[in-house]
Amino acid sequence: MELLTNIFVYAILGAIQGFSEPIPISSSGHLVIFKKIFENFGWKFPTTDITFEVLVNTGSLIAIMFYYRKDIIRLFTSFFTYIFKAEKRKEKIKDFRYCILLIVATIPAAIGGVLFNDYIESAFSNVKLVGCTLLVTSAFLMLIHKYGYSGKRTAKNLNLWDALRMGCFQLVALLPGVSRSGSTITGGMLGGLDQKSARDFSFFMFMPVSLGAIILKIKDFIASPTLATLWLPYLVAFIVSGVVTYLALHLLFTFLNKRKMNVFSIYCFIMGICALLII
């Protein structure tokens, strides 16, 4: 019975992670909120356990990389072709430049993660803080809805300031409750990028940061005492998070295309108020 309960709970958590990773409502913030809700029902689970965190984030990362697999292969080959084959540099310069801008964009979050890691981890137990940061996310999304769709610049017009600006927005999103996708897309679209260029660059920014965080935690993941006892619920959470992330990507892009980001803004506002006043 306990095993079935754990599978059920972790499947829900995997779905929450998977849905809220690409959707701009903050996956980390929702895990904090639902941890508190589940605890009120007497369901206890190690949401701060490193094994669970690594698995569900890996599931989401794999799903996003699978969606962008053709672009990843093109950028990867173009980057190294530019470096090692001088005769093809003119042909590959645009993709190489895009890769350099991605590296620049990941720097703020990488530095912030190292410098503020202890504070960030402590924030994962503070539901009231998540309520406040969800209100910040709500404001970001409303800015997109009101002012973000006037941008006309495409991916070929990305510049250093776009990369730094979106990188700084990603730094802010290290706090649970601040949506990474929501904040970085806001930084891109308010800077004049069209929605497709902003969203694609946002998810490419996510990949190295997420991969780096997973690699840093591999040692703790292997040594986790819960891995042997909860491997089946963890496996379920991993699969669910990956599948739901892939589906949620399509949902996000549909809402962006229809200019309906205010729906997520209203949702984050309601959840933020609930976290502050009720949970």
The pairs in 128/196; 92/260; 128/217 lying past 31 Å Cα-Cα in this model are 128/196; 92/260
About its Cα centre, the chain carries a charge dipole, from +1 on Lys and Arg Cβ atoms and -1 on Asp and Glu Cβ atoms, whose size in debye to the nearest 20 is 1260
The summed charge of the residue 97 Cβ neighbourhood (under 14 Å; Lys/Arg +1, Asp/Glu -1) stands at +3
With +1 at each Lys and Arg Cβ and -1 at each Asp and Glu Cβ, the charge dipole magnitude of segment 154-279 around its Cα centre, to the nearest 20 debye, comes out at 220
Other residues with Cβ under 12 Å from the Cβ of residue 29 give, with Lys and Arg +1 and Asp and Glu -1, a net charge of +3
Here the membrane-span-like helices of the chain, with no claim about any membrane, defined by DSSP H, Cα axial extent at least 24 Å and mean Kyte-Doolittle at least -1.0, are 2-20, 50-67, 89-115, 127-147, 195-223, 231-257
Per the charge dipole of segment 120-255 (beta-carbon charges, Lys/Arg positive, Asp/Glu negative, Cα centre), the residue among 188, 174, 251 reaching farthest to the positive end is 188
Rounded to a whole %, the carbon-and-sulfur portion of the accessible area of the chain at a 1.4 Å probe is 70
If each K or R counts +1 and each D or E counts -1, the residues other than residue 210 whose Cβ falls under 15 Å of its Cβ total 0
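The values are calculated or read from the model by the stated rules, or taken from the named source; none is laboratory data. Only a predicted model underlies this, so the values are computations on that prediction, with no experimental measurement involved. Neighbour counts run over all protein chains shown; Cβ positions are idealised from the backbone, glycine included. These accessible areas exclude ligands, DNA and RNA; they are computed on the full protein's heavy atoms, side chains included. Shrake-Rupley method; radii C 1.70, N 1.55, O 1.52, S 1.80 Å.
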